[in-house]
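Just so you know, all these numbers are worked out from the coordinates, no wet-lab data involved. These numbers were taken from a predicted model, which means no experiment stands behind them.
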Amino acid sequence: MVQAEASKQFSFRLPKELVGRVEECADSMRAKGLDVSRADVVRLLLNHALLVTNCKLELLLQPRKHKASARHKK
């Protein structure tokens, strides 16, 4: 995926577990034929979170409403 619009660099650190989850997401997308980088995945996830929550704190902080995935049950 290529970012078509003008962009500005934004750097931050993530915990190893979160990086692993981003990498799993990227691998899943690649398995479906998408050519994505970790940065592409982070942009997609960040954009989705902002659209869905509209940055409302109560939505950002609410606990998960679904069962943990099989990955977390190991």
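Here is how the numbers come out for the structure above:
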| quantity | calculated |
| --- | --- |
| Calculated diffusion of the range 16-60, Stokes-Einstein form, Kirkwood radius summed over Cα pairs, 10 °C and 1.306 mPa s, µm²/s | 140 |
| Within straight-line cross-link reach of Lys16, aspartates and glutamates at Cα separation under 20 Å, skipping those fewer than 8 residues along the same chain | Glu24, Asp27, Asp40 |
